[in-house]
């Protein structure tokens, strides 16, 4: 056998082995209630955002729910919160989690039975009419303009709520630790009183070289 025949037969043999290492299929499963969330291998997911929202929202609202009502008197009407949005300032694109974070926080507020949320459609309409971004509402003149527009829509509110997702990254060789922080800021639009609550979660991302080459076996570092 000459050299060209030998090389050709070798490549034909490797080509026959290649499908053994590349074959795979995709499948899905319905997660059962109480079952642990999947852990994102490259970015934050449900395992990160769910506990952040639960902790930050519960602590923030809990401080404002501790009011006693004298016996024989009716409780005061629920205070209204205008939740203007979630800003992502982390190192990652959070994709559809941004809208889910908004809806989850909104539901937590409603479940408190002390606060009510202004419907998001009214909030978006108010921002569009004033041509303001949510982060610009912290300027007093912008806040007054937005409050006036919301009142004209029949949607007055007592508090402005703003949430921000940030992250800090630490590298150790090829491994990474990322510290996620969800910050919630609430302002009383009548008095200017300011409250803030944050929740933090750290997550490690580990790099390993594990794979199959031509169906022969795993390659590990």
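Which condition number in (1) in a loop (DSSP other than H, G, I, E, B); (2) more than 25 Å from residue 43 (Cα to Cα) is the one that residue 95 fails?
Only one criterion in (1) in a loop (DSSP other than H, G, I, E, B); (2) more than 25 Å from residue 43 (Cα to Cα) is unmet by residue 95, namely (2).
Considering only residues that are part of a loop (DSSP other than H, G, I, E, B) and surrounded by fewer than 17 Cβ atoms within 10 Å (Cβ to Cβ), look in the range 115-132 and name the one that is farthest from the chain's Cα centre (by Cα).
Result: 131.
Out of (1) in a loop (DSSP other than H, G, I, E, B); (2) modelled with pLDDT of 80 or more; (3) out of contact with any strand residue (DSSP E or B) (no Cβ under 6 Å at 6 or more places or on another chain), the odd one out for residue 43 is which?
Of (1) in a loop (DSSP other than H, G, I, E, B); (2) modelled with pLDDT of 80 or more; (3) out of contact with any strand residue (DSSP E or B) (no Cβ under 6 Å at 6 or more places or on another chain), only one is false for residue 43: (2).
Does residue 124 satisfy being within 21 Å of residue 44 (Cβ to Cβ) and without any contact (Cβ under 8 Å) to a residue 12 or more places away in the chain?
no
The values are calculated or read from the model by the stated rules, or taken from the named source; none is laboratory data. On a predicted model such as this, the values are computed, not experimentally measured, just so you know. Neighbour counts run over all protein chains shown; Cβ positions are idealised from the backbone, glycine included.
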